[in-house]
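One structure below.
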Amino acid sequence: MRIIVQRVTKAAVDSGGEKIAFIENGFLLLVGIDRDDTPNIIEKMAKKISALRVFEDTAGKMNLSLSQVKGKVLSVPQFTLLANTSKGTRPGFDNAAKPAKAEDLWKSFNIALQKMEIPVLEGKFGAHMFVSIVNDGPVTFVIDLK
């Protein structure tokens, strides 16, 4: 599992000509599910994301978590994060989970965050989406537990 975490002041997803999700103040998560991912990895990643202290405290230091700033998550599935680009110029996607497994694990990840009392809005699995963000900082992290 690989996740791009972007601290945002605004993020939105449009698909099929309609806005399907919008948040202010929180994380935009681009979520890639690996073919070897398990429910255990999903739980570990949700705990990591929920506890990530990257919001500024009153001293301007990155010291606060998502729940401490009452932030939300916009979770967007993105299989291209698992691309193998080591050979040639055309990415290979053998490392990405098959769609049915990926969707189940992505939804499980979102549910795990919700159980931690983090509001989660979702992109649309398997759809062509337009993602708009205002990255705060910019603050961006790549999290991969492998």
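Bear in mind these aren't lab numbers, they're just calculated from the coordinates by the rules spelled out. As the structure is a computational prediction, the values presented were derived from the model and not from experiment. So basically every Cβ, Gly included, is an ideal-geometry build from the backbone, and we count neighbours across all protein chains shown.
Measuring from a point 7 Å past the Cα of Lys47 along Cα-to-C-beta, which residues in region 63-78 have an amide N at less than 20 Å?
Inside the label zone: 64-68.
Compute the acute angle (0 to 90°) between the alpha-carbon long axis of helix 99-115 and the principal axis of greatest extent of the alpha-carbon atoms of the chain; round to the nearest 10°.
10 degrees
If we count other beta carbons within 10 Å of each Cβ, what is the order of Ile42, Ile20, fewest first?
Details: Ile42 22, Ile20 16.
Placing the least packed residue first, the sequence is Ile20, Ile42.
For a Förster distance of 25 Å, can you work out the FRET efficiency between the beta-carbons of Gln68 and Ile111, rounded to the nearest 0.05? Let's see the in-between values first.
Values: r = 21 Å, r/R0 = 0.86.
About 0.70, to the nearest 0.05.
In whole angstrom, how long is each semi-axis of the equivalent ellipsoid of region 29-146, when you take the square root of 5 times every eigenvalue of its Cα gyration tensor and sort them from largest down? Could you put the intermediate results ahead of the total?
Numbers: eigenvalues 136, 58, 39 Å².
Values for region 29-146, descending: 26, 17, 14 Å.
In terms of modelled amide H atoms, which long-range or inter-chain residues lie less than 5 Å from the amide H of Gly123?
For Gly123, the qualifying residues are Ser75, Val76.
Using the Karplus equation 6.51 cos²θ - 1.76 cosθ + 1.60 (θ = phi - 60°), what ³J(HN,Hα) coupling, rounded to whole Hz, does each residue of region 123-137 give in order, writing x for Gly and Pro?
Result, ordered by residue: x, 10, 4, x, 9, 6, 10, 10, 10, 10, 9, 10, 6, 8, x Hz.
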